[in-house]
Structures are given as structure tokens and as C-alpha cells.
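One structure below.
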Amino acid sequence: MSVRVRFAPSPTGFLHVGGGRTALYNWVFARGRGGTFILRSDDTDQARSTPEFAADIVESLRWLGLDWDEGIDVGGPHEPYRQSLRFDRYREVAQRLVDEGLAYYSFATPEQLDEFRREAQAAGTSPAYDGRFRVSDEEARRRLDAGEEAPIRFAVQRPGVTVFTDRVKGEMRFDHAQVDDFVILRSDGSPTYHLASTVDDVDFEISHVIRGEDLLSSTPKHILLTEAMGATQATYAHLSLLMGPDGSKLSKRHGHTALQAYREAGYLPEAVLNYLALLGWSPGEDEELVSLPEMVERFSLDDVSKNPAVFDTAKLEWMNGVYIRELPAGEFVTRSLPWVVADLGRELDADELAVFSAIAPLVQERTKLLTEVTPQVRFLFADITYDETSWKKVMTRQEVPTALAAARAALSGLDAWTTETIEEALRGMLEEQELSPRKGLQPLRVAISGSSISPPLFESMDVLGRDRTLERIDAAAAQLAT
């Protein structure tokens, strides 16, 4: 049987990092085995599903570089790939199960179900509803014909047990005493997750279901439905949950959980992919940097850990910095330029682009996020304002006016304006004025960039140009005088 896997998020929220990891594991598993990767939309929750969330799923996967062979936007032999467009199919299956005696219309009232649970709790038995309030088929038909509405429940065989081998968790056993006669079709005709997901997996010929362990308890229900449909059971692999650094389940209180937030925060998709891959999978030999092609070649479900993985944004930021520093210089310019343009609100002209390309390698060395590029280079393309903290820390020292004046005199007399001549002139100035680099050069950094944090000073002056450098030294001196 060929490998066919699916990623089936619900568009009721932005795609989160856990979903990104699930998509990645499915993708590399399929690609490494010549299989098919399918993107499906589990959008039966019409009240909470939105076009914005649906678009975010597609955009986030494409940003990560994960394509799909069938599904949303690309089509395929099993269209449609949105559950909201397949309700007739789910109703057809539900009715067939009723006709075959494998499911039934349930007229149990909320009061009866509450009383059943209270009695089970008092007796110390399973609270899973066992169908005891099921009416005869004749009574069910009579009440339906009279206009009464009722959900359809799957009739779980008892006694019984469902056993399967999970590729991550190992052998799993679920006694049917713990599995309720679960609803598969609501009284309004809408399918539950259990029915819609299982019917899709059967219809789309899914061979492996790789998903989060929060759905592990649903698996016996899906297996029972699959068997009732006369289909072959898929192989299951349930991934451990992601935890925050404090050991609790990952949530918004630990920081951003949506992939969109990391895209907007200046992370590289390949760094995010690499980090997500390591949240539960080990490539071996304590390796931390693994490319997507290497993942495809080496990924195995046998190497996925049963234990929860910790999502640590500090570790992700470190890894992103490594990836940024390893980019070819031209690629770094290409990746970071949109952030600069967005900040300025305009495109760079040819001369400005040359300036940015010249300074970019120096910025690249000290950048962990693409969002950090713009603050370092804005002074080259726009008028500056002085950072209040930098000004108070650096420019209020008594030696600053002397340093600015001496630096201007040393620089204005240069015949050639290069990084080397600038450095030679300013180091000579320091020696002549008996100033340390901290006292003599930091004021110049604030004067030309507005901040005490910028690319290396001599190179910055070089690309800024003689005239603008001297103008900014004069402006800072004038500011001091006021």
C-alpha cells in the first residue's frame, strides 16, 4: 500500500507551532517514502471557522516551504477537500450505519445522561454512556416520522477491546467499557469530528495518521468506525504535546504560539522548520542543524520520542541567528530588504541599495532576527532622532564636546574617504586627545546614527559619506550647545 498522509487542521485559529510540527512530520514522512501529502480542512465547526484562519494555514505552510500533492488550492481526485462541502457524504455513511444496525438514533435526554453519569460515579463504574436508553428501531422510526429530531450514536460493542500499535506510543489498549456510544451525526444533521475525520481518511485512502496525542483517546472510536465502514485501518502515530519551559502545556502565556507571529518577528522559515523538527525527533549524534532535504532522507517515526518536548523561544532565536549568519551576503540582503523598505515606507534607490549591500555583511554578523536589521541601518536612509537613553548615557559626559570637535577636524582634512583612512584619523585623534575609544568614539556613534547601537563605526561613516557624517557631527554638537 502506498504511503498517503494528511494534515487536517481546523481553521478556528491561526496555525500554531504544534500544528506546524505535525505538518512537517507528515510531509517529511511522505517525501521520504515517495508518498502523497494531502492538505485537508476540518472546517465542520462553521461558527468558529473563518476565511482568515483558513488563509493563514495555507500561507504558513507555504512560508515554511511545505507543498502538498492533493488538497486545498491544488485539487485532486478526492475533491472537495473541505469538510464543510462533504456533509452529504457524512450523512450517507451515518444512515448506512443505522441501516446496518451499527448505529442508532438516540433519544436519550440530557437529564437521563446526567443521571447515568451520577450513578456511575457513585458506583465507581465507567461514566462512558453504554446506550442503555436506546429505543427500538420501530419507536425510533415512529418518533422521527412525527418530526422529532435526534442525533445518531455509534453502537460500541460491549464487552470488547480495541488494540492497536501506535508507531510512537507502542501497543495501546482501550476497553470498550471506557468508550461511550459516541455521537457521529448531530440532530441538526452536522457531523461530529469523529465521523467526518474517519470518513475522509477512508475515502482519501490515508495509510498513516500522524497527529498530536491530544487525539489519542479518539483513536478507538475512529478505528471502530473504520471497521464498520469495511475499510482497512490506518497506521497511527501520536506525537507528544509541546510544553513551555516551565513544564506546563504550551500556551499563549509562554509567548507567541502562532507561526504567523514568528514570520512577522523576523524568523527564517528554514530555522523554524529545523527547530520544529527537533521537538520530538532526533536525527542522531546530537546534531542540531538539519536541512529539509536531510530530514526527508533521515526521518523515521522510530526516532520520535514519547516524551513531551519543550518549546523554548530563546533556543529558537539562537538557531535563527545561526541560520542568518550562514546566509550568503546577497541572500541576506534579499531577505532583509523588505523589512527595511516597510520601515521606511518607500523603496531604496540604486545608490541606497548599494549602500545597504555594503553595510549588510556587518549587520548580518550581529543579527538574530530580521526585525533587528532596520534599527541598525535606518540612519543611512532617513533623518535621525536621538535615542533618549543613548543620549543621556553617552552625550552628557564632559569630554563629549571636545571629542566631537576633534573628530570633525580630523575627518574634514581627509583626502580620501575610506574605512581605513577614517579609522586612522580617529585613532590618531584619540591618542592626541588622550581619550579612550569608549569616551571618544561612542559620542560619534550616537551623533551619526542616533543610537549607541549600530554597525561598526568606521564602516558606517564610510557608507554614510563625508558630507552627511560631518553634518551629523555638527548637528550633535549644536544639540549639546542648547
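The values are calculated or read from the model by the stated rules, or taken from the named source; none is laboratory data. Just so it is clear, the model here is predicted, and its values are computed rather than measured. Glycine gets a Cβ as well: all are built from the backbone with ideal geometry, and neighbour counts include every protein chain shown. Side chains included, ligands, DNA and RNA excluded: accessible areas come from the protein's heavy atoms. Shrake-Rupley method; radii C 1.70, N 1.55, O 1.52, S 1.80 Å.
Measuring between their Cα centroids, the stretch 53-119 and the stretch 437-452 lie 62 Å from each other. In a shell of Cβ-Cβ distance under 15 Å around residue 255, excluding residue 255 itself, what net charge do Lys and Arg (+1) and Asp and Glu (-1) give? Spelling it out: positives minus negatives among the neighbours equals +1. By the Stokes-Einstein formula, at 1.002 mPa s and 20 °C, the stretch 284-331 with its Kirkwood radius over alpha-carbon pairs has D equal to 163 µm²/s. Taking a sphere under 10 Å around the Cβ of residue 458 and counting the other residues whose Cβ falls inside, with K and R at +1 and D and E at -1, yields a net charge of -4.
Placing unit charges on the Cβ atoms of the charged side chains and taking the dipole of the stretch 45-147 about its Cα centre, the candidate lying farthest along the positive direction among 103, 58, 76 is 103.
Amide H to amide H, with H built 1.01 Å from N, residue 250 comes under 5 Å of 242, 243, 244, counting only residues 5 or more places away or on other chains.
Under the convention that each Lys and Arg Cβ holds +1 and each Asp and Glu Cβ holds -1, the size of the dipole of the chain around its Cα centre is about 900 debye. Heavy-atom accessible area, probed at 1.4 angstrom with all protein chains present, ranks 115, 270, 79 as 79, 115, 270, highest first.
Surface calculation, 1.4 Å probe, protein heavy atoms: residue 104 sits at approximately 10 Å² accessible.
Carbon and sulfur: what percent of the stretch 73-193's accessible surface (1.4 Å probe)? Could the numbers behind the result be given before it?
Values: 3150 of 6830 Å².
The computed percentage sits at 46.
Applying the Karplus relation 6.51 cos²θ - 1.76 cosθ + 1.60 with θ = phi - 60° to the stretch 325-331 yields 3J(HN,Hα) values of 5, 8, 5, x, 3, x, 5 Hz, where x marks Gly and Pro. The charge dipole of the stretch 244-402, taken about the Cα centre with unit charges on the Cβ atoms of Lys, Arg (+1) and Asp, Glu (-1), comes to about 680 debye, rounded to the nearest 20. Per residue, the accessible area of the chain comes to 47 Å² when a 1.4 Å probe rolls over the protein heavy atoms.
Note: relative contact order over the chain, using C-alpha pairs below 8 Å and six or more positions apart, is 12 percent. Summing charges over neighbours of residue 331, with a neighbour being any other residue whose Cβ is under 14 Å away from its Cβ, gives 0 when K and R count +1 and D and E count -1.
Of the whole protein surface, residue 7 contributes about 10 Å² of accessible area at a 1.4 Å probe radius. What percentage of all Cα-Cα pairs in the stretch 242-309 are separated by more than 19 Å? Summing the P(r) tail past 19 Å for the stretch 242-309 gives 42 percent. Candidate values (i) 335; (ii) 145; (iii) 212 were compared with volume of the Cα convex hull per residue in Å³ computed on the shown model; the agreeing label is (iii). Ranking 16, 238 by solvent-accessible area of protein heavy atoms (1.4 Å probe, all protein chains present), from largest to smallest, gives 16, 238. Every helix of 4 or more DSSP H residues in the chain counts as -39500 (n - 2.57), and over all residues that averages to -14000 deg cm²/dmol at 222 nm. Near residue 212, the amide H atoms lying under 5 Å from its own belong to 239; only residues 5 or more places off or on other chains count, and H is placed 1.01 Å from N. Just to confirm my numbers, what's the Cα centroid distance between the stretch 321-336 and the stretch 135-180 in Å? One Cα centre to the other: 55 Å. The mean of 1/r over all pairs of different alpha-carbon atoms in the stretch 106-243, once inverted, gives a Kirkwood hydrodynamic radius of 16.6 Å.
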